[in-house]
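Some notes on the structure that comes next.
The values are calculated or read from the model by the stated rules, or taken from the named source; none is laboratory data. These figures come from a predicted structure and were not determined experimentally. Cβ atoms come from the backbone with ideal geometry, glycine included; neighbour counts cover every protein chain shown. Side chains are part of the model used for accessible areas, which takes the heavy atoms of the whole protein and leaves out ligands, DNA and RNA. Shrake-Rupley method; radii C 1.70, N 1.55, O 1.52, S 1.80 Å.
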Amino acid sequence: MSGAGVVIAPSILSADFARLGEEVRAVGQAGADWIHVDVMDGHFVPNLTIGPDVLRAVRKWTDKPMDVHLMIAPVDPYLEAFAKAGADLITVHVESSPHVHRTLQAVRALGKQVGVTLNPGTPVSALEPIIGLVDLVLVMSVNPGFGGQAFIPEAIGRVGAIRAMAKGRAMRIEVDGGVSADNAGLLSAAGADTFVAGSAVFRGGEPAYAGNIAAIRAAAVTGARAYAPPLPDA
Ligand code: DX5
Ligand code: ZN
């Protein structure tokens, strides 16, 4: 994984929701690569956030790719609405649908990048039948629902296991939850290249955003230099 491949995706869950457009523009100007949008339904996860109308509104404030993390069940009835509202990548949970394979096919059919994610309590083996369908695997390093939670360190080993499972196939591994400059290096060394951060980006307010993003990126790039990609099967 080259340092140039590192993506930093601030989670707008930690932004000022009353100024969401300005906040999205500000983190974009401060060096964010993607904007991470957390969608919660108060059912699959114990919190409520936003729907497609808000995504459509903030989409106008930046040209950065919109990385939409759907924490909703059922998920299938809402895929098209998020696609039309401006999602570039749509990530769904393996736990949110009894037919996750079909759900991933549906995201692909909508012309969007396809992501899949799994909660910290779900075995990584759940990815084996579907890893070939996706552009990105998101490793949750907290139980989803809230920003500002403590990083679960077992996520580092899970990243390594998933990178090995990918067998050299080009695929992003993203980490979400408690990510900061303190753990981005270890995650990157294990094979992660895409880093969601809410509180570690938005803390300190707008003057701090550029420095916060740069610190996470610097840690990730340093770790990436230590990462040796697994060889694909002969
Ligand atoms: C948690 C969300 C995360 C969260 C990250 O359910 O998926 O994206 O906002 O926030 P921090 O970086 O503060 O843990
Ligand atoms: Zn998220």
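Some notes on this structure:
- Between the alpha-carbon centres of the stretch 42-116 and the stretch 161-214 there is a gap of 20 Å.
- Nearest-10 value in Å² for the accessible area of residue 34, using the 1.4 Å probe: 40
- Spin-label model distance (nm) - residue 56 vs residue 29, 7 Å beyond Cα toward Cβ: 2.7
- Charge dipole (debye, nearest 20) of the stretch 99-234; +1 at Cβ of Lys and Arg, -1 at Cβ of Asp and Glu: 260
- For the chain, alpha-carbon Rg over 2.2 N^0.38 Å: 0.93
- Antiparallel bridge percentage (DSSP; both residues within the stretch 7-226; nearest 5): 5
- Å² of accessible area per residue within the stretch 7-226, as computed with a 1.4 Å probe and no ligands counted: 39
- By accessible area, using a 1.4 Å probe on protein heavy atoms only, the chain has 56% of its surface on carbon and sulfur.
- Proximal lysines relative to residue 60, as straight alpha-carbon distance under 26 Å, when same-chain residues fewer than 8 apart are discounted: 84, 112
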